[in-house]
Amino acid sequence: MADPKGIAIVGSGYVGTVVAACMAKIGHRVVGVEIDEEKLSKLQSGSSYFYEPGLDEILRASIDNGTLQFTNDFELAMAQSEVVFLCVDTPPGEGGHPDTTNVMAAAKSIGRAIKSPHVIVTKSTVPVGSGNWLTTTIENVLDDDVDPSAISVVSNPEFLREGSAVMDFLHPERIVLGGSDERAVDLVEAAYKPILDQSFPGGRTAERPILVKTDRSTAETIKYAANAFLATKISFINEIAEICEWVNADVKEVALAMGLDSRISAMFLQAGVGWGGSCFGKDVEALAATARAYGQDPMILDATRAVNQHQRHRVVHKLQSHLRPLRGSRIALLGIAFKPETDDTRDAPSITIASELMARGAIVRAYDPMVKQIPELPDLQTGTDPFSVIERADAVVLVTEWDELRNLDLSVVAEKMRGNVFIDGRNAFDPARVEAVGLVYEGMGTGVVAPPRNSEPW
Ligand code: UGA
């Protein structure tokens, strides 16, 4: 299986930049395409414009040794590649369907610039069936002297988690390739060979990933189904957490014992304020929209989303039941990013919780190690260190379980606060340790001091 003659990555967002850097690291010559001037010049200088552990080191090394370059010139990128990874974003669009405007625009730019046979690999999460319209879109704009049959589209969904995307890319559990053109699928497989064999420096030969080859629609569905299942697993344990509050059970122990059954597994059974980020919400909604488009009622997917929204309200209810009324109460939110090790605030639970509290007259201050402001909430006060937001607070809420926040000196927290309510939205603290400094601990289905409220007590 011959190596592809160069790889292009179109779209240098969270996914594209990681794919570009890692493909260069495992030995390919890579050109990353980015049309945003500001992002491009940052990437050209060898650093990313967002925070992702380990990424900058690989970017810098690959740019320095000449295996990676970034450009806004599609012709140059197509001339230097045989395989093109399409990694542009698909933000939420009308009726839950993803907005594919950027994918469409990128596909046209690729098609116009192609002069030789290319395999286009979709990494963007696109609605099931997109491989077909992408092929047609590219074919329609090809130069007359380019044979349309020399162009092939392969689906290769990404399973990268923000915060561990580099490791996830280099050491995946599986790689999914969807396409009916065997030659094209083989070429993409060749691009992944160092990862499949774990033969690059730092590879883990004892943990080689499994390659799943299938058709395009199945590959596209695998991505949605995987994300929807993970989101459902979290919503499920969060529903159990609320039941635990009624019956005085501890969800942490319930999850632990459930997870010991390998059919269930312990992963993604961490109860708390629920999931956020740019993927789960959008993908669950998109899959539900696909079902609805065919007249199917996606009952589980709808419940998964509803339970997740409910978690955010539950935090506000908990605060309300302790502080009554919320108006005038000073509340410190610890953590803004949708999860630790990222500066991403897209669909972050912190945003819903902060805006609901502010709407009810609470004075909210938030701290995050990486996030200093939320564009959606310009009025939210943020602090430069955790204690500055805890100062004279009536209640503290852990929203994102950064290590820095898990390791806060609780006696200083208690000393600085005006009140004594400590809501652990990620079940990250040992209730006994919190109570030992005189605070009232309340988790999500653990260490509960009061039964939940199912009315609207505003
Ligand atoms: C998710 C998937 O895990 C990736 O496999 C996928 O590639 C990616 O979406 C995507 O589609 O691009 P990501 O959104 O980066 O990755 O983050 P996760 O680590 O999956 O966490 C998502 C949310 O679930 C976070 O808010 C996290 O705090 C929450 N979570 C996670 C829980 O509340 N409980 C858990 O047990 C696990």
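Numerical summary
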| quantity | calculated |
| --- | --- |
| Test result for residue 327, touching a strand residue (DSSP E or B) at 6+ places or on another chain (Cβ under 6 Å), more than 16 Å from the ligand (Cβ to nearest atom) and not in a helix (DSSP H, G or I) | no |
| Residue count, the range 196-220 (criterion: assigned to a helix (DSSP H, G or I) and either without any contact (Cβ under 8 Å) to a residue 60 or more places away in the chain or away from the ligand (no atom under 16 Å from the Cβ) (or both)) | 7 |
| Selected residue [within 16 Å of the ligand (Cβ to nearest atom), in contact with a Pro (Cβ under 8 Å, 6 or more places away or on another chain) and under 20 Å from residue 300 (Cβ atoms)] from 223, 233 | 223 |
| Residue 166 vs. criteria buried (at least 18 other Cβ atoms within 10 Å of the Cβ), in the same structural domain as residue 116 (by TED's automatic domain parsing), more than 24 Å from residue 127 (Cα to Cα) and within 16 Å of the ligand (Cβ to nearest atom) | yes |
| Matching option when the condition is on the phi > 0 side of the Ramachandran plot, more than 16 Å from the ligand (Cβ to nearest atom), in the same structural domain as residue 318 (by TED's automatic domain parsing) and in contact with a helix residue (DSSP H, G or I) (Cβ under 9 Å, 6 or more places away or on another chain), among 365, 392, 360 | 392 |
| Filter result (more than 14 Å from the ligand (Cβ to nearest atom) and among the small types (Gly, Ala, Ser)) within the range 395-433 | 395, 411, 414, 419, 432 |
| Among the residues listed as 362, 366, 337, 348, the single one being without any contact (Cβ under 8 Å) to a residue 60 or more places away in the chain, surrounded by 20 or more Cβ atoms within 10 Å (Cβ to Cβ), under 26 Å from residue 164 (Cβ atoms) and among the hydrophobic types (A, V, I, L, M, F, W, C) | 366 |
| Search result, residues across the range 295-312 that are in a loop (DSSP other than H, G, I, E, B), out of contact with any helix residue (DSSP H, G or I) (no Cβ under 8 Å at 6 or more places or on another chain) and on the phi < 0 side of the Ramachandran plot | 296 |
| Residue ID - farthest from the ligand (Cβ to nearest atom), chosen from residues in the range 260-294 that are free of Cβ contacts under 8 Å to residues at least 60 places away in the same chain and on the phi > 0 side of the Ramachandran plot | 265 |
| Helices (runs of 4 or more DSSP H) fully within the range 1-116 counting 2 or more residues that are among the aliphatic types (A, V, I, L, M) and either within 24 Å of residue 159 (Cα to Cα) or not assigned by TED's automatic domain parsing to the domain that holds residue 172 (or both) | 14-25, 55-64, 101-113 |
| Verdict on residue 176 being assigned by TED's automatic domain parsing to the domain that holds residue 207, touching a Phe, Trp or Tyr at 6+ places or on another chain (Cβ under 9 Å), farther than 21 Å from residue 20 by Cα and within 16 Å of the ligand (Cβ to nearest atom) | no |
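The values are calculated or read from the model by the stated rules, or taken from the named source; none is laboratory data. Here the structure is a predicted model, which is why all the values come from computation and not from measurement. Neighbour counts are summed over all protein chains in view; Cβ atoms, including those assigned to glycine, are modelled from backbone coordinates with ideal geometry.
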